[in-house]
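Remarks on the structure that follows.
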Amino acid sequence: MHLIAIDDDFDAWRAAALDALAQGLAPESVDWRTSQVEPALFDEAAPSAKVAEAPQIRVSRELASLLKDAAHFRDARRWSFLYRVLWRWSRGDRAVASPADEDGARLYKMAKAVRRAQHDMIAYVRFRQRDASLGAPEYVAWYEPDHDVLAWGAEHFAARMGRSTWLIATPDGAAMFDGARLKLERRRALASEHAVDTPDAAEALWMTYYRSIFNPARLNESALEQHMPVRFWKGLPEGALIPKLVSDARGGARRVAQAKSVGALGGKAVQVEADEAQPERDAPTSLDTCRRCDLWRNATQAVRGAGPADARIMLLGEQPGDQEDLKGEPFVGPAGQLLDDAMRQAGVPREQVYLTNAVKHFKWEPRGKRRLHKTPAQQEVEACSYWLEQELHDIGARVIVTLGATALAALFGRRATLSAHVGRVVPYRDKLVVATYHPSYALRQNDEAARDRTVAAIVEALEKARELIGK
Ligand code: URA
């Protein structure tokens, strides 16, 4: 039996697998072990001599992507399984890449589960905003992915959350973004003797996270002890914090414990350089980093308009909702479904219109676990008109259908009332505006007949827009 010890990541496995193939090691003769000490995910993989000597196996693009995704599947036996797949392929057995094959089916299933975990991570990570006086990270999130997708998810958020600073902690590690750079740390094995004695960067991240979520007002000591038995506290990085946090809470501390403790964490917080942290109030270069108002702070991402640049109809909504905020696309939630229906009825294909919102960030307030829509203030609408102006310029739409009062006010100001404009066609610069209700208004109506009338008015406005562009 050949023992191959690798770091627990795809690149390390690939290098060792190519080497094993070059030596002709059959899968059943190899015992794959992962080393205890895991590298930081973004460390440069040191090119080993073995890789240079190893033969290049040509795999199909499909198989390469399956192997890469399946490598993040949580199963200690995955490296030996992936080697069997590669071995069979290298022997000319192409069936291994087919879902009809037993190994192929398992490979597809693993890759699919990982892709789902990636999707879930984007959909379900919830950042909490920390008290601004605490400095970076401004947002923290705790997430337990089904598979090892932290690095993937972190890159996604780094690309979408502008320059805000954040930390995502998971049971296996943490990702921290300082507004410019992403850093990932694996959490070291809890059993490691060093875990308590030599705090490292990963533990510092972990403690920052733990302090930030610890809320004495909601402390339930027995639940805490059940969840993390006292005898384990010593071995856990956050264990050292618990007695102090609990006693603060018992003492009736009203403020969340983070307010005291994070401030004392000398030198551990990520420093964001002053010019990087400077809000782009006046001339933002990109919507993703827009700071013209404060709505970006609580939104997952800015939601830009979508549709062809040569669309002749523009639909203007109010602001992204909960689902739009998570997906980064306009009108994909319940209001979007109602709108899709209305567009079908009016013979206006969604692919031919440009959909956007007066405000590009989701404004909400917490209600239990839910994020409840909050109407944007006119100041926020005006701040965001910078982006709407660009869309009006770039998208040569002849007709704009405004959905609801906020969209109407975004073009004509606060005094333009919806009741006075519904169903009317009004000139706006070189365009025509058709004002109608917002689909959410229809969704909120309990009375079926009233709801039907609202939907009919939306359909009518869309039909009018279609006629105005001569279709
Ligand atoms: N409501 C809007 O106004 N816009 C969206 O994108 C979704 C819901």
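Restricting 375, 356 to those that are in contact with a helix residue (DSSP H, G or I) (Cβ under 8 Å, 6 or more places away or on another chain) and surrounded by fewer than 19 Cβ atoms within 10 Å (Cβ to Cβ) reduces the list to 375.
Between a first residue in the stretch 403-432 that is β-branched (Val, Ile, Thr) and a second residue that is part of a loop (DSSP other than H, G, I, E, B) and surrounded by fewer than 16 Cβ atoms within 10 Å (Cβ to Cβ), which pairs have beta carbons less than 8 Å apart while being 6 or more apart in sequence or on different chains? Short answer, once both residue conditions are applied: 406/375. Scanning the stretch 99-125 for residues that are of a type outside the set (Val, Ile, Thr) and within 14 Å of residue 150 (Cα to Cα) yields a count of 9.
Identify all residues within the stretch 392-405 that are crowded, with 19+ Cβ neighbours inside 10 Å and in contact with a strand residue (DSSP E or B) (Cβ under 8 Å, 6 or more places away or on another chain); write none if there are none. I'd like the intermediate steps shown before the answer.
Keep residues of the stretch 392-405 that are crowded, with 19+ Cβ neighbours inside 10 Å, which gives 392, 395, 397, 399-405.
Passing the criteria: 392, 395, 397, 399, 400, 401, 402, 403, 404.
Can you tell me which residues in the stretch 109-157 are in contact (Cβ under 8 Å) with a residue 40 or more places away in the chain, within 23 Å of residue 67 (Cα to Cα) and in contact with a helix residue (DSSP H, G or I) (Cβ under 7 Å, 6 or more places away or on another chain)? Across the stretch 109-157, the qualifying residues are 110, 111, 114, 115, 122, 146, 147, 149, 152.
I need every pair where a residue in the stretch 8-27 that is assigned to a helix (DSSP H, G or I) has its Cβ under 7 Å from the Cβ of a residue that is among the hydroxyl-bearing types (Ser, Thr, Tyr), sequence separation at least 6 or different chains. Once the first residue is assigned to a helix (DSSP H, G or I) and sits in the stretch 8-27, its partners that are among the hydroxyl-bearing types (Ser, Thr, Tyr) give 15/48; 17/83; 20/83; 21/90; 27/80; 27/83.
When the stretch 158-188 is limited to residues that are touching a residue at least 40 places away in the same chain (Cβ under 8 Å) and among the hydroxyl-bearing types (Ser, Thr, Tyr), the one that is farthest from residue 297 (Cα to Cα) turns out to be 165. Candidates 393, 361: the one that is modelled with pLDDT under 95 and assigned by TED's automatic domain parsing to the domain that holds residue 443 is 393.
Of the residues 37, 51, only one is in the same structural domain as residue 78 (by TED's automatic domain parsing), at pLDDT below 95 and assigned to a loop (DSSP other than H, G, I, E, B); which? First the steps, then the outcome.
Working: 51 fails: assigned to a loop (DSSP other than H, G, I, E, B).
Just a single option satisfies the conditions, and that option is 37.
One residue stands out among those in the stretch 301-357 that are acidic (Asp, Glu) and part of a loop (DSSP other than H, G, I, E, B): the one that is farthest from the ligand (Cβ to nearest atom), which is 310.
Out of 406, 417, 375, report the one residue that is more than 14 Å from the ligand (Cβ to nearest atom) and of a type in the set (S, T, N, Q). From the options 406, 417, 375, the qualifying one is 417.
The values are calculated or read from the model by the stated rules, or taken from the named source; none is laboratory data. Because the structure is a prediction, the values reported are computed rather than measured. In this analysis, Cβ positions are derived from the backbone assuming ideal geometry, glycine residues included, and neighbour counts consider all displayed protein chains.
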